[in-house]
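Enquirer: Have a look at this one.
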Amino acid sequence: MYSIYIEEQGGDEYSLKAAEHIDILTYNRIAYDSLTELQKRIINRVHNGLTAFEKENEDLINSYLASYSINGVSMSFGEGWNLEVVSGVAIPCDLYSLLKATGLCYPAI
């Protein structure tokens, strides 16, 4: 599992949480040492991007509200053109598409 690899590397709280989310999205298939170099580069890119995303948007991600409106200004959180929620994990669409390129996000493999 990728989160074990990150924990062994001394990852911080956000880094570990992002690694756990990558494990969820890849059905715990990541044995890091067994990956190709391309898969490692992609997973590292996704991990760095997801860590930054979760750090910057922690309050919104942990919120139970799907939408919020005050004085005519509204905001919603959930699936949209730039965000997907997959198995309870909120991830930007570009990062999820990149992660899918590893071939590890499909349950039948």
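The values are calculated or read from the model by the stated rules, or taken from the named source; none is laboratory data. None of these values were measured; they are calculated from a predicted model. When we count neighbours, we look across all protein chains shown, and the Cβ atoms used for this are built from the backbone with ideal geometry, even at glycine. Each accessible area value is taken on the protein alone, full model and side chains, heavy atoms only, with ligands, DNA and RNA left out. Shrake-Rupley method; radii C 1.70, N 1.55, O 1.52, S 1.80 Å.
Enquirer: Hey, does the range 32-49 have a residue that's surrounded by fewer than 17 Cβ atoms within 10 Å (Cβ to Cβ), of a type in the set (Val, Ile, Thr) and at pLDDT below 85?
Expert: Scanning the range 32-49 turns up no residue that is surrounded by fewer than 17 Cβ atoms within 10 Å (Cβ to Cβ), of a type in the set (Val, Ile, Thr) and at pLDDT below 85.
Enquirer: Given the condition more than 16 Å from the chain's Cα centre (by Cα) and among the polar types (S, T, N, Q), answer yes or no: does some residue in the range 8-16 qualify?
Expert: Scanning the range 8-16, I find at least one residue that is more than 16 Å from the chain's Cα centre (by Cα) and among the polar types (S, T, N, Q), so the answer is yes.
Enquirer: Which residues, counting only those in the range 39-49, are of a type outside the set (Lys, Arg), over 14 Å from residue 4 (Cβ atoms) and either touching a residue at least 60 places away in the same chain (Cβ under 8 Å) or touching a helix residue (DSSP H, G or I) at 6+ places or on another chain (Cβ under 9 Å) (or both)?
Expert: Within the range 39-49, 39, 42, 46, 48, 49 qualify.
Enquirer: How many residues does the range 82-105 hold that are part of a helix (DSSP H, G or I), of a type in the set (Gly, Ala, Ser) and either closer than 17 Å to residue 55 by Cα or open to solvent by less than 20 Å² (accessible area, probe 1.4 Å) (or both)?
Expert: 0
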